[in-house]
Amino acid sequence: MPISWDPQAQQFHLRSDSISYVMRVLDNGWLGHLYFGTPLADGAVYSYLGPKDFFGFSNRLGEPVALEYPTGGSGDYRVPALAVEHGDGSTVLDLRYKSHRLISGKPALAGLPSTYVEVGGEAETLEVVLADNVSGLEVELRYTLYRSRPLVVRGARIVNKGSAPLIIRTAMSASLDVPDADWTLITLDGEWARERHVDRARLRPGRQSVGSNRGTSSSQHNPFVALARPSTTEDRGEVIGVSLVYSGNFVAEVEAESFGTARVRVGINPEGFSWLVEPGAAFETPEAILVYSASGLDEMSQAYHDLYRTRLARGAWRDKPRPILLNSWEAAYFDFDEERLLQIASSAQDLGIELFVVDDGWFGRRDDDTTSLGDWQPDPRKLPGGLETLGAKVEALGMRLGLWIEPEMISRASRLYEAHADWQIAIPTRPKTEHRNQHVLDMSRPEVVDYLFDTLSSVLGSAPISYVKWDMNRTITEPFSPTLPAWRQGEFMHRYILGVYSLYDRLTKAFPGILFESCAGGGARFDPGILAFAPQGWTSDNTDAADRIGIQFGTSMVYPVSSMGAHVSAVPNHQTGRTTPLSTRAGVAFFGAFGYELDPTKLPDDEKVQIREQVVFYKRWRELLQFGRFHRLRSPFEGDGNDSAWMSVAPDRRTAIVGFYQVLSRVNNGPRRLPLRDLDPSASYRVSVWPEPETVPVPVLKLGGDVLMAAGLALEATRISAAQGDFHARIYVLEAI
Ligand code: GLA
């Protein structure tokens, strides 16, 4: 049994192949935390890791006791997991163990995305019920343990079994007390067009947090933090990862407190949040995934990649190789008609590209971003035969058709606005903030979700559409819904995202064959919540190869390569104005769900030749690149960031592809070695460079997996030199002989 209960010791031991998580019901009934780390022996009692004689915080001058779901007001002054307001306005809770049960597998969460099981016996769930006897509030804490994964899935359900309503002010998905604060904090931060850059800094006393209050998980911060020892590297040292399966306002926070311990918490952002729970009702938190690795960041990332790719993402496309697509956005923006689209599609088809995506501009009368959001009918001026005719013609070319939508939005200049101005998010007594000339629909209203489901279903059912890019291009301002009473307005932002999930759920079920890609002004909703519906997301609007190295590198901390939309675009790059070689643009985008974002009809012949080669290369190695094990080798966020590298390895380790990137060319570089990972030490590999450079032929090397991992690939032996110029990418293909 992976989860055991020792009634004498009052101890729970969750033990997978690679971790142990131990808790104990303390003498006063509180649920104490004892341990999270490498596996411990079964059957032993670990109570000495908790407080000995526990009298409550005030007797012990606030000495920190490690707790599973802490509350405030009784001597624990650290950041709480749960805060409520009772009918009399008081806020204290005293959560004591009431009962527990074991559930085989993992129950789904109502209305929220969650990880799942597929094979009997692969996971077990422990539910521990804590009760506050004065108010009747109960907390059901859930812990799912997968037998062969180094992680625990946590979540909480707050049930009001009392007779008076109560208001939740804070309800975290997980709180974890760790016995020391000698850690660095890793977060994934940025902005539009520079999402998920890796930031790492020593913990300092007090609270440090990232979060979002924008309505999306945001480009500014990702719902993820990790605690890594200062000496932890990719392949050595302890790290605890905490990731939240949620797409709305979140907080991920660490408090290093005065006795030298640390508390991590993650969940819905309490700022602006409240939730009224009537007697008999319950509130469910999103779930959080806690990963422990004793051997570095890489192992943590492998755990997330594998779980999210195979037990969070779902549907027909989960395990299917993703098509190479061409997206019309940077090719034509709003300026197209059917003829123009077909020229682009036909030229893309000629290059070997498989899917043609019509981005923004196909509906209403949308010639720029000032109109038509909400009017999801094809513009007859641009598409006289509608999507059906376009789809038939694209399919006749031998390609599939994909479509961009932005369901959650409304333009003032739209028929939807004329009919339903009341559906936009606004406070009736205040001015509304407009952004990108658009407003957000109130997704907390079931009638809005119903309307969108009906409208989009008829669009998607009207033509052979096999891919949808679901965008969300602005943040939420003036949060308010006229359908909620004053005392429930704090629920709005969470209800919004529940509405988004409901629409995603209904559409993905109604159209199981469609591949959904999420997007939010690039990567502002690149989170595990959305991955449960859309197995891939647009990583960033920034398609510049040099910038994409950092964005994809940071994203890979948590998210699998198959989830990262990555496209080759034209130069000078539309975001940065930078010119990088075509081979480098592909060399970066290969490590993602690959595609193009340019006008192929405008390409010179030699570039067409190159693109055909890229497409052939990607098709040949697609499954390895999309579904292989991805390892970060050299970080663009460390040192001067000039060199970076990563690699993907096939499950059987017989083949691997390495990407090495050099931002600026430097003369007299000295010898550089790149230690590889995850190869078979006893195998001999043929190492070739792709594409074969025309100027300096590169010898094909035959090298052992052992030397490639221990000493590294000697880059000079592959004739890498200053002559290759700035923004150089090298793709190495390793094949076991
Ligand atoms: C957002 C997306 C882009 C494109 C435009 C269309 O910015 O991130 O890829 O779809 O919207 O308006």
Handout entry: Overall form of region 296-406 per C-alpha gyration tensor (a/c, 1.5; a/b vs b/c)
Key = prolate
Problem - Cα centroid separation - region 198-268 against region 284-305, whole Å - result: 12 Å
Practice task
Between residue 605 and residue 652, take the C-beta separation as r, use R0 = 45 Å, and let me know the FRET efficiency to the nearest 0.05.
Solution key: 0.70
Problem - Rounded, prolate or oblate (a/c below 1.5 giving rounded, otherwise prolate when a/b exceeds b/c) for region 539-620 by Cα gyration tensor - result: oblate
Handout entry: Sites residue 99 and residue 134, calculated FRET efficiency, Cβ-Cβ separation with R0 22 Å, nearest 0.05
Key = 0.75
Exercise for the section: Please sort by residue number the GluC sites (Glu not before Pro) in region 633-737 whose DSSP state is loop and whose Cβ has at most 13 other Cβ atoms within 10 Å. Expected result: 638, 694
Fill in the blank from the handout: Of the candidates 581, 515, 553, the farthest towards the positive dipole end of region 509-640 (Lys/Arg Cβ +1, Asp/Glu Cβ -1, centred on the Cα centre) is 515
Practice task
Using the structure shown, list the pairs from 469/602; 320/382; 432/602; 509/602; 382/469; 432/469 with a Cα-Cα distance above 31 Å, or answer none.
Solution key: 320/382; 432/602; 509/602
Practice task
List the lysines whose Cα lies under 26 Å from the Cα of residue 98, skipping any in the same chain that are fewer than 8 positions away.
Solution key: 52, 106, 161
Fill in the blank from the handout: Output for region 641-671: trypsin sites (Lys or Arg not before Pro) sitting in coil per DSSP, at most 15 other Cβ within 10 Å, listed by number, reads 666
Handout entry: Estimated 222 nm signal from helices in the chain, with DSSP H stretches of n ≥ 4 weighted -39500 (n - 2.57), rounded to 500
Key = -5500 deg cm²/dmol
Exercise for the section: Quickly rank 122-130, 200-208, 683-691 as a protection proxy: mean count of other C-beta atoms within 10 Å, highest first. Expected result: 122-130, 683-691, 200-208
Exercise for the section: Kindly identify the chain as rounded, prolate or oblate by the Cα gyration tensor criterion: order the square roots of the eigenvalues as a ≥ b ≥ c, call it rounded if a/c is under 1.5, otherwise compare a/b with b/c, prolate if a/b is larger, else oblate. Expected result: oblate
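Every read-out reported here was derived from the displayed coordinates using simple, explicitly stated rules and does not represent laboratory data. Remember, predicted model here, so these are calculated numbers, not experimental data. For neighbour counting, all protein chains shown are included, and Cβ atoms are generated from backbone atoms with ideal geometry for every residue, glycine included.
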